[in-house]
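The values are calculated or read from the model by the stated rules, or taken from the named source; none is laboratory data. This structure is a prediction, so every number in the text was calculated from the model and none was measured. No Cβ is skipped: glycine too gets one built from the backbone with ideal geometry, and neighbour counts run over all protein chains shown.
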Amino acid sequence: MAFKKHWYHILLALAEGPAHGAEIRRRVHSHTGGSLELYPAMLYGSLEDLLERGWVRELEEGSGRPAQGSDRSRYLALTPAGREILAAETEAFQEVVRIARSLLAREVSP
Amino acid sequence: MSPGRRFYARLLRLLPAEFRERRGPDMLATFDDMRGELGPGAGPLRLGAFYLRLTVDLLRRIGPERARAARPARVGGGGIGVAPGRLRGEGSGLLLDTLGRDVRYAFRRMARSPGFTTIALLSLAVGIGANTAVFALVEDFLFRDLPYRAPEELVEVYLEQDAFPFSPLSYPDYLDVREGTGEVFSEIGMGGYGFGQVDKGDQVMNLLGEMVSGSYFPTLGMGAALGRTLLPEDDLSPGAHHVVMLGHGFWEREYAADPGVIGRTLVLNGHGYAIVGVAAEDYPGTVQGVPVDFIVPIAMAKQIMQMTGDPLASRGSQSYFVKARLRPGVALEQARFALAGIAADLKERYPDHWDDHRSFILVPTRDVIMNPALDRVILPAAVLALVLVGVVLLIACSNLASFLLARGMDRRKEIAMRLALGARRAALVRQLITETAVLALVGGVLGMGVSLGLLDYLMALDLPLPGDMRLELGMTGRAYLFGLAVTGATGLLFGLAPALQSTNPDVAPTLKDESTGGGRPRRFTLRNTLVAGQVAASLVLLVFAGLFLRSFQARGAVDPGFGREPTGLLSFVVSSERYDQEAGRVFVREYLDRLARLPEVAAAGMTGNLHLTTTTTNTMDLNVDGVEPPQGRRAWEVDQTEVEPGFFGAAGIPLLRGRNFDDRDEVDAPRVAIVNEVFAERFWPGEEAVGKTLRTGGGEEVEVVGVARATKVRTLGEVPRPFIYTPFSQDYSAFLTAVIRARGEPEVALRAAFRTLREMDPEAVVVETRTMDQHLGIMLMPARLGALLSATFALVALALATIGLYGVVSYAVARRTREMGIRMSLGAAPGAVVRQVVREGMTLACAGAAVGLLLALAGAQVLRSLLFGVGAVDPLTFATVPALLLAVALAAAWVPARRASRIDPVRALKAE
């Protein structure tokens, strides 16, 4: 499976710190200014994909979970591999952005 | 649980079990989050879109998750997985392939004409959604499965008296019935209603509860969802059984469905009750369909109702619903005979209460929808609602049929060509039907979303129900099936006729026809008839809506005769355990003094029974010398309330003659009363009522000291009723409503009044706070709901008919471009061409309107009983509605007709 756009946003949300699913959705919502709305099946299905790839891990009871959170939900955190992927994807993004900028600049000044 | 949440929980079952178990609760929590962000006031369309996106989101995830589940497990395992989704029945492959091709073709065609597809799907979604939602509402009442053991053996006992049949029984009557029916009933139990207050610190939660006999649940043969039901041992001695069952909905809402509640304590009206069980989820309530929050033994009635006297001792307090189980082999007639015997005996023993007009009625429980008295209103309303939405759907269908007919015309050549080349007609019909079936199916799925949204919306509406009562609405499997059936029926209805017509095997004329549909247009094509029919149907709906609106307006214009100024109402109970009558009077007087000193309060008064209260009526038996009581009765029964002197000023009821109550009217002083003008005119016509004497049912003399202006007493539409006020100083009541005329906002005055009461007595029990507008609004609710619903349906119908007419006219213009081009090149003015097209469109509309007018005249007669203050043939409605409809029709015809005038003759002639 190719790397998906919403995976990037989920990883990015987790870079802010461990969170449960509902919190991840809220973070993605605010990061993207509301343009990416993660509906539940997409959200938890993707989390499952990310767990399978080892980019995200579930926190055990009491191990570094934020204290104020709700107790019913599973907390998730970025793994070192996840952080690497996030960094690599961001690099790739930057590359695309750089190319795009230079192309656009050429268009504007003939 | 809201219908939407239940729906989503059900949807989750489609996911593989392992994923569902791991993520299901989190997904539901996320659903709650998202639903919460939409807010309670989100409209049905927005909610519908939300549910649709949720559904699509989930459906899209099923495939990947199934695939994941089929892959070798993460922890070791292995084995050969079967490739998912690749299994297809052998032999049926050909049929499936054909179907698949047809479906794909249908989707391609839908995508090619997005305008048509959008309009078609929107009309279908609204039509199917409205029908499914109304069905779900009605189904909830009409087709409830009775969750009792052997429901065919259950019967309900009511009283018939005077004008009010199916009244509940008094507790002593119930005991007599129980005593005398051992031969015919194997079991008998009863339930009644009471309010319980739970103090949550800064606010009071008012709970609706049931008080039932120990034999009640054994009689029904129902178990509990958790713990146990109330049993005979919970109903042995009055006041001794502090046990409670929770209502299922209340348990879910307030305790998050915690199974650990058994054994905990619920504090009701200041007393702790041990929770022994949770009612079954399908327990319908004593009056079926009225969900309650708690259930206590009837032995606790005095504690729950906080009354001075014993609420179970009076034969006058008829508020208990009796259910019994027939002994095997006993016929209804035998039971009726036994009850008639008891009634005859009671008449002899208690002639004061049991006059000639009173008897028992026996009704089999399975014939009861909610309650026999309410059923007589519910049934016609339900049928009317179903018919109205049905008409809307018919209009939507005929719209689609009409569009498809038009498209069929356009494709006639293509189809004729394919037929000529040897395509089988059956194959073509199948393909065309697949197209409409796909359209209907997508519309149907959208419709389910709309109907879930509608139900959520209805539940979130702030209906003025007594206490904190709420509706429990939901989509059952039956409702989904109904939606599916409607979808299938609509698909056939609007798909078959066009498919057959456009594949008519009479090929030659079509192929030979060189023009783009020239020639004289036929007057009575199927399509024209459909459009005229739509106009007729929407006219009928508009007239109905107009009549309901006028009737709502008329009701709103009725002067209740009191409470015209901004006023707050605070109902409370003076605890009879802590205040005897003397202390109670002192307490109330001090409260009034404090209220009068509040800057927010202009005037304050007290009444025991405010006019136009739907839940209770208070009456008093009395006689007037020289006036015979009604035949077969010993006394007149007149509506009555206890008031203290400030009430008249606070409620704005002027005293016309005589005096108000005052300090003279002490407990020991001669008894006095104030009557209203209707009373005075009825009993002493043409004479001065002040100074006259009347006698209570008990024989006590009462002097009339004043005459007050008449007000509405029970309903806004009633004929003027006599009414009598007795002084609170002589006639104590522990249940009081403070009438607080406000300076400024009534809500502000109410909050101040609430605080004041709590300062005086921190444990004071406040039953309800509401403004006078809310109080009077309850009387207007049925009319308002009727007007709202019928107006919504009518507007949807009008919109659909407008689209239909627009479509017909613009199609005619498109087809006759060439003809018009010729006429214009021959010198016809563009205006003349437009006029002709509009005239043809309006001929259809007028024909439809004429038929609709006749139907509406006939239909309005049926509505007569539901109308108020407006005749069935209301000139204003019948003049305005057709005018409005024709104006809209004119616009719908004129817009496309104008296009005809812009035709360039040269290009039109070159077109073919």
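The table that follows gives values for the structure above.
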item	result
Residue identified as in contact with a helix residue (DSSP H, G or I) (Cβ under 7 Å, 6 or more places away or on another chain), at pLDDT 75 or above and more than 10 Å from every other protein chain (Cβ to nearest Cβ) among B:L38, B:L15, B:L28	B:L38
Selection within the stretch B:222-265 - at pLDDT below 90 and either of a type in the set (A, V, I, L, M) or assigned to a strand (DSSP E or B) (or both)	B:A256, B:A257
Members of the stretch B:629-660 that are polar (S, T, N, Q) and either surrounded by fewer than 18 Cβ atoms within 10 Å (Cβ to Cβ) or not in a strand (DSSP E or B) (or both)	B:Q631, B:N660
Among residues of the stretch B:563-580, those that are out of contact with any strand residue (DSSP E or B) (no Cβ under 6 Å at 6 or more places or on another chain), surrounded by 14 or more Cβ atoms within 10 Å (Cβ to Cβ) and either among the hydrophobic types (A, V, I, L, M, F, W, C) or more than 24 Å from B:D199 (Cα to Cα) (or both), counted	2
Within the stretch B:41-55, considering residues that are within 12 Å of chain A (Cβ to nearest Cβ) and not aliphatic (A, V, I, L, M), the one surrounded by the most Cβ atoms within 10 Å (Cβ to Cβ)	B:Y51
Residue in the stretch B:862-875 that is at pLDDT 85 or above, over 30 Å from B:M781 (Cβ atoms) and surrounded by fewer than 19 Cβ atoms within 10 Å (Cβ to Cβ) present	no
Every residue from the stretch B:833-845 that is free of Cβ contacts under 8 Å to residues at least 60 places away in the same chain and closer than 10 Å to B:L890 by Cα	B:V838, B:R839, B:G841, B:M842
Matching residues, the stretch B:782-831, being touching a residue at least 24 places away in the same chain (Cβ under 8 Å), under 30 Å from B:A125 (Cβ atoms) and polar (S, T, N, Q)	B:S790, B:T802, B:S810
Criterion: surrounded by fewer than 17 Cβ atoms within 10 Å (Cβ to Cβ), in a helix (DSSP H, G or I) and modelled with pLDDT under 90 - qualifying residue of B:A801, B:A814, B:A797	B:A814
Output for the stretch A:19-41, where each listed residue is assigned to a loop (DSSP other than H, G, I, E, B), crowded, with 20+ Cβ neighbours inside 10 Å and not aromatic (F, W, Y)	A:L38
Search result, residues across the stretch B:705-727 that are in contact with a helix residue (DSSP H, G or I) (Cβ under 8 Å, 6 or more places away or on another chain) and free of Cβ contacts under 8 Å to residues at least 60 places away in the same chain	B:V707, B:P720
Any hit, the stretch A:27-40, residues being aromatic (F, W, Y), within 14 Å of chain B (Cβ to nearest Cβ) and out of contact with any strand residue (DSSP E or B) (no Cβ under 6 Å at 6 or more places or on another chain)	yes
Residue match in the stretch B:341-353 (condition: more than 18 Å from B:G180 (Cβ to Cβ) and surrounded by fewer than 19 Cβ atoms within 10 Å (Cβ to Cβ))	yes
Residue among B:E687, B:E701 that is among the charged types (D, E, K, R), surrounded by fewer than 19 Cβ atoms within 10 Å (Cβ to Cβ) and touching a residue at least 24 places away in the same chain (Cβ under 8 Å)	B:E701
The one condition in (1) under 40 Å from the mean Cα position of the chain (by Cα); (2) outside any helix (DSSP H, G or I); (3) modelled with pLDDT under 80 that B:G115 fails to fulfil	(2)
Some residue of the stretch B:859-877 being among the aliphatic types (A, V, I, L, M) and more than 30 Å from B:V558 (Cα to Cα)	no
Condition met for B:L374 (out of contact with any Pro (no Cβ under 9 Å at 6 or more places or on another chain), closer than 26 Å to B:Q631 by Cα and outside any loop (DSSP other than H, G, I, E, B))	no
Selection status of B:Y457, closer than 30 Å to B:M781 by Cβ, modelled with pLDDT of 65 or more and touching a Gly at 6+ places or on another chain (Cβ under 9 Å)	yes
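Matching residues to (1) within 23 Å of B:Q774 (Cα to Cα); (2) of a type in the set (S, T, N, Q); (3) in contact with a strand residue (DSSP E or B) (Cβ under 7 Å, 6 or more places away or on another chain):
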| site | (1), (2), (3) |
| --- | --- |
| B:A583 | no, no, no |
| B:E590 | no, no, no |
| B:L610 | yes, no, yes |
| B:N623 | no, yes, yes |
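Every residue, every condition in (1) in contact (Cβ under 8 Å) with a residue 12 or more places away in the chain; (2) buried (at least 20 other Cβ atoms within 10 Å of the Cβ); (3) on the phi > 0 side of the Ramachandran plot, yes or no:
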{"residue": "B:V363", "(1), (2), (3)": "yes, no, no"}
{"residue": "B:R366", "(1), (2), (3)": "yes, no, no"}
{"residue": "B:L374", "(1), (2), (3)": "yes, no, no"}
{"residue": "B:S402", "(1), (2), (3)": "yes, yes, no"}
{"residue": "B:D410", "(1), (2), (3)": "no, no, no"}
